[in-house]
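Working notes, structure below.
The values are calculated or read from the model by the stated rules, or taken from the named source; none is laboratory data. Keep in mind that what you see is a predicted model, and the values were worked out from it rather than measured. Note that we place each Cβ from the backbone using ideal geometry, even for glycine, and neighbour counts take in every protein chain shown. Only protein heavy atoms, including side chains, enter the accessible area calculation; ligands, DNA and RNA are left aside. Shrake-Rupley method; radii C 1.70, N 1.55, O 1.52, S 1.80 Å.
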Amino acid sequence: MNTKVSINEQIRLILIENSEVLFGIKIDENLIQFQKTRKEVEGDVTLVIFPFVKALKCSPIEAGNKIGDFLKEKLNSIASFEVVSGFLNISINSIYWIEQLKVIEVDPLFGFDSPNSKSTVMVEYSSPNTNKPLHLGHLRNNFLGYSVAEILKANGHKVVKTQVINDRGIHICKSMLAWDKFSPLNDKGERETPENTGLKGDKLVGKYYVEFDKQFNAEAKDIISLWENGDFSNFPSSIIEEFKKLTDSKEGKDEKAIKGIDDKIKDLAKNETTLLREAKEMLVKWEARDPQVYLLWTTMNSWVYSGFDVTYKSMGVDFDKLYYESDTFILGKDIVIEGLQKGVFFKKEDGSVWIDLTEDGLDEKLLLRSDGTTVYMTQDIGTAVDRYKDYSDLSGIIYTVGNEQDYHFKVLFLILKKLGYSWAENCFHLSYGMVDLPSGKMKSREGTVVDADDLMHEVIDKAGALTAERGHLEGMTKEDINTLCRTIGMGGLKYYLLKVDPKKRMMFNPDESIELNGNTGPFIQYAYARINSLINRSGGIQSYNSIELKEEEREIIKLLIEYPTVVKEAGKMYSPAVIANHIYELVKSFNQFYQAVPILIEENQDAKNLRLELSKNVAKVIKSSMKLIGVEVPERM
RNA sequence: GGCUCCGUAGCUCAACUGUAUAGAGCACUACAUUACGGCUGUAGAGGUUUAAGGUUAGAAUCCUUACGGGGUCACCA
């Protein structure tokens, strides 16, 4: 018997080879479709008969019986079959399944392609903004990107994990300016630093970014009230005209429209603030490498990076290569200028550079401002080109970025293509949905952002409380227990965020994420710990003879065999959720088996050893799957 | 408004990309266990897959329209 080729594949081959005998014609390979056998029906493998009905010119039942008889003749692992409406349900004998189990047992990399056997792929994720501490959305991003990288490795790819750090631009100048202006001096005459405040660096900088926004809005409000009181001194006439025009247009409008107009007035006023003017001046100085500004910039960035490092470590993610926008934007600018000469882009009379994408159903897009400074898109072009320079063998870049940027990436990839980069079509935007909270949407302005560090702490603490209450902690050191709580808390969090299809918007319920029942990380971790304990108590697994399998055992082997297919599927779809769903199914089946079938107390040694080996391989696949989604499994809990 | 994504049990999610009676978990109801780890298992109840048409042997899935929701349309990133 051939144990290397799956039973489905064997059936497929037989049908293709003998199609002329069976059907009288050569059949298309795509007509052979398998699907999962429904639980209510007898059988292990299901072949869909409908596609063959025409060729055989008979009813689905007759066709099914004909094909079934033929297959049974050819394959001795087929025990019996049954035709239900258009489905041929084939039962495979126990010997086949046990052989399969033995194949899994001896394969240390079961489910994986041999490492580095395929092309190199770059996976970008995280991509933070140095102004803002990481939040709940970044957790989904980081876990997703990291997991996809692991899954691609499992599929044999070489993977370069990367992030692009958004460390330049007007927004960065805002927090620098705010710190410079508003940070109080302590008794030693120093401004606030992570050292003298004890604040995490990213949190400190984030604080000043918020401070800027606060002061900025206050100033804008003052300007508006000046205007409303008819005080237009110090403002250019064009602004005054615009303000009057907007105010007049409010006449007779509904509430919503008035709010829109008010926002426009606010924007107008914001442009007139000294704070924004100073921030803009700072950006110009930065681009001119003014020493003082540059020093402030590097100092504050170093605070942020050391803060991020702590957070990444807690998350359990890492990177092979970092890109900084401060390095790539110049290249982006050069490319745009080159593209302008080639006629890909055009210049407006004010000197700004654009691309016209209206023929592709998109809009015009700005690439360089009239003052010559770059925008987000320019930087992304530079970064992409830079990456292909650094890694000439890249077969693709995966950008893990939220779906609010769908349009941006559509445009980016199109521009790269128009610039003549053939690799542009290998760029893929791994777009994921927003994370909602039961209390509603996260909004930084309303302070409803859930901080990543806080959330991780909370989850670990709760895991600690639950473990103290229900865990099996005898003989564990305090340190072991802390590690365990981290494993459980972070496992729950990661699993919760990754079990949902990445593309979909999802609801994050903090309480549910650390729930130990249901489709959760700890539920799966528990199954692992329990099997581990079972194996330890067994005193070793002896070789055994084949026996007739019980339904529960057969079910588990089928799920185990599917694992390699699941890994491939997850790689193809860039979806950790595929892995999570499969492992959950496996664990549920294992629990059913465990409940229904005795193991250690089983007297038949063949049965006992088979069940132990089965359990051991379930544990192996749990561990392997969980690793792919970045979750650790505890030996005991 | 243009473009785009989405709408499945009370709630959170599945459904192998078109196939059998649309599945899980939570919550709810009723059970099981002298036990190899009860963070378990079994059973029940809960659905016109937003609506109306269409395509076909077959539709939650594809097409059209409507309704409802998100995102995006910056010389922000």
Worksheet, complete the sentence: Of the residues in segment A:170-191, those that are within 16 Å of RNA strand B (Cβ to nearest atom) and open to solvent by 10 Å² or more (accessible area, probe 1.4 Å) come to A:Ile170, A:His171, A:Lys174, A:Leu177
Worksheet item: Take the residues of segment A:467-486 that are surrounded by 18 or more Cβ atoms within 10 Å (Cβ to Cβ) and within 11 Å of RNA strand B (Cβ to nearest atom): which is modelled with the lowest pLDDT?
Response: A:Gly471
Worksheet item: Within segment A:357-376, how many residues turn out to be assigned to a loop (DSSP other than H, G, I, E, B) and on the phi < 0 side of the Ramachandran plot?
Response: 8
Fill in: Members of segment A:522-548 that are within 22 Å of A:Leu497 (Cβ to Cβ) and more than 12 Å from RNA strand B (Cβ to nearest atom)
none
Worksheet item: Which numbered condition trips up A:Asp386, out of (1) within 22 Å of A:Arg168 (Cβ to Cβ); (2) open to solvent by 50 Å² or more (accessible area, probe 1.4 Å)?
Response: (2)
Fill in: Residue within segment A:53-73 that is among the polar types (S, T, N, Q) and surrounded by 18 or more Cβ atoms within 10 Å (Cβ to Cβ) present
no
Practice prompt. Report, ordered by the first and then the second residue, all pairs with beta carbons closer than 8 Å, sequence separation of six or more or different chains, a first member in segment A:58-78 that is over 11 Å from A:Ile90 (Cα atoms), and a second member that is aromatic (Phe, Trp, Tyr).
Written response: A:Pro60/A:Phe50; A:Ala63/A:Phe52
Item to complete: Hey, could you check segment A:4-21 for residues that are touching a residue at least 60 places away in the same chain (Cβ under 8 Å) and part of a helix (DSSP H, G or I) and say which is surrounded by the fewest Cβ atoms within 10 Å (Cβ to Cβ)?
Response: A:Ile14
Item to complete: Working carefully through the options A:Leu455, A:Leu493, A:Leu549, find the one that is among the hydrophobic types (A, V, I, L, M, F, W, C) and more than 24 Å from the chain's Cα centre (by Cα).
Response: A:Leu549
Worksheet item: If you check A:Val53, A:Val45, A:Val41, which single one turns out to be aliphatic (A, V, I, L, M), within 9 Å of RNA strand B (Cβ to nearest atom) and within 21 Å of A:Lys558 (Cα to Cα)?
Response: A:Val41
Discussion item. Please determine whether any residue of segment A:403-411 is in contact with a Lys or Arg (Cβ under 7 Å, 6 or more places away or on another chain) and more than 28 Å from A:Tyr495 (Cα to Cα).
Written reply: yes
Fill in: Only listed residue being buried (at least 16 other Cβ atoms within 10 Å of the Cβ), touching a residue at least 40 places away in the same chain (Cβ under 8 Å) and β-branched (Val, Ile, Thr), chosen from A:Val121, A:Val103
A:Val121
Worksheet item: Does segment A:85-93 contain at least one residue that is closer than 27 Å to A:Leu199 by Cα, in contact (Cβ under 8 Å) with a residue 12 or more places away in the chain, of a type outside the set (A, V, I, L, M) and out of contact with any Ser or Thr (no Cβ under 7 Å at 6 or more places or on another chain)?
Response: no
